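Written below as structure tokens is the structure these notes are about.
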Amino acid sequence: MHFTVETFRAWKNKRITLLGMSGVGKTHLSSLLRQHEWFHYSGDYRIGTRYLDEPILDLIKQQAMQVPFLRELLRNDWIDIQNNIRIVDLGPVLSFVGKLGDPDRGGLAPDEFSRRQALYREGEIAAMKDVPEFIRKGVEIYGYDHFVNDVGGSLCELEDDSVIDLLAAHTLILYIQVTTKDEEDTLIRRAQSDPKPLYYRPAFLAEHLPVYLREKGLEYVAQVEPDDFTRWIFPRLFHSRVPRYEAIAGPHGYTVTSREVAQVRDEADFLALLETAIARKSAGGRQSAVSA
């Protein structure tokens, strides 16, 4: 969707998609807006509760069946296992997606890792295609005037133009851009210490995994220390995603900086920031988000 400041102000039911790396502030903004009666749609929450719910439960049950006591309970339907996911705690999704590497250190073999990655990608595409229906539900069922779509950091990796076209048709896409080296380093450290589910494009993984193996003097993926590989690859993933975000925001959305987002304290601040982003783009790019 494209606006002038005036048409944005007149937009009765505002619908925003927040785009950017995990840790850049999307969920923080969404939680803030929820306090101001916005419907908060979390892509990862939808993936975990709807599209990966059964695979996650299957994995849990597979592990439980290896314990004789639990095996008997499960086979006789004497217990029930549920998947408890919260918007602020995606632990079950993170555990299911897993990490590549040595199985004895909690890693996954390449074939199993790729299978789970594919399921996660399918779930993210499906969750984004649910956005128009949840926009309707937000207004008609729950009585929320406005809608914020808190998408996963891997939206730019899906390589499915229909998803971006759909979001652009139904929401204003707002890209939160990291503009300084200090902010970049902070985001990378945060992602490494408090990881979120990560999706890697197959081509990206195929390019970088051999580099890691050579640098570490390893011959096989089974020798990879999973946490070390995740720490090594995340900065490279970050930099590979930046032009992909920009390719979405350029034709389809608006850009603000993570520094600007950090100044948002309430709904009024957020709406004012959106107006600033719209005005910048309406000026024909003469003033970028980076230089503002």
For the chain, longest principal axis from Cα atoms; helix 181-193 axis from its Cα atoms; angle between them, nearest 10 degrees, is 30
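Starting from the Cα-Cα distance between Lys137 and Glu122, subtract it from 0.36 nm times their residue separation and give me the gain in nm to one decimal.
Values: separation 15, 0.36 × 15 = 5.40 nm, distance 2.27 nm.
Stretched out fully, the Lys137 to Glu122 stretch lengthens by 3.1 nm.
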A correct Karplus calculation of ³J(HN,Hα) over the stretch 239-246, with 6.51 cos²θ - 1.76 cosθ + 1.60, θ = phi - 60°, whole Hz and x for Gly and Pro, returns 5, 6, 7, 3, x, 6, 4, 5
Quick calc of log₁₀ I(q)/I(0), the stretch 95-251, Debye, one scatterer on every Cα, no solvent, q values 0.10, 0.16, 0.20 1/Å, result -0.44, -1.00, -1.35
Between Phe69 and Ser95, the FRET efficiency computed from the C-beta separation at R0 = 25 Å comes out, to the nearest 0.05, as 0.70
For Ile173, the residues 5 or more places away or on another chain with a placed amide H closer than 5 Å to its own amide H are Thr17, Tyr254
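For a test of the definition: using alpha carbon positions, the gyration tensor, and the 1.5 limit on a/c, classify the stretch 22-109 as rounded, prolate or oblate. Could the numbers behind the result be given before it?
On the way: a/c = 3.57, a/b = 1.73, b/c = 2.07.
Oblate shape, in that a/c is at least 1.5 and b/c is the bigger or equal ratio.
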Measuring from the longest principal axis of the C-alpha atoms of the chain, the long axis of helix 131-140 (C-alpha) lies at a number of degrees, nearest 10, equal to 60
For the chain, the dipole about the Cα centre with charges only on Cβ (Lys and Arg +1, Asp and Glu -1), to the nearest 20 debye, works out at 540
Between the modelled labels at Ala272 and Arg50 (7 Å from Cα along Cα→Cβ) the distance in nm is 3.5
Quick shape summary for the chain, equivalent ellipsoid via Cα gyration tensor, semi-axes whole Å in descending order, reads 35, 25, 15
The chain: relative contact order from alpha carbon pairs under 8 Å, six or more residues apart, as a whole percent, is 31
Using alpha carbon centers only, the stretch 184-205 is separated from the stretch 138-169 by a whole-angstrom value of 21
Computed over the stretch 57-184, the relative contact order (Cα-Cα under 8 Å, seq sep at least six) in percent reads 12
Nearest 10, in degrees from 0 to 90: the angle of helix 110-129 to the longest Cα principal axis of the chain is 30
Summing -39500 (n - 2.57) over every DSSP H run of at least 4 residues in the chain and dividing by its residue count gives a helix-only mean residue ellipticity at 222 nm, to the nearest 500 deg cm²/dmol, of -17000 deg cm²/dmol
Between Thr257 and residues 5 or more places away or on another chain, the pairs with built amide H atoms under 5 Å apart involve Gln177
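Every number in this text was worked out from the coordinates using simple rules, so none of it is lab data. Predicted model, so just to flag it, every value in this text is computed and none were measured. Ideal geometry is used to build each Cβ from the backbone, glycine not excepted, and the neighbour counts take in all protein chains shown.
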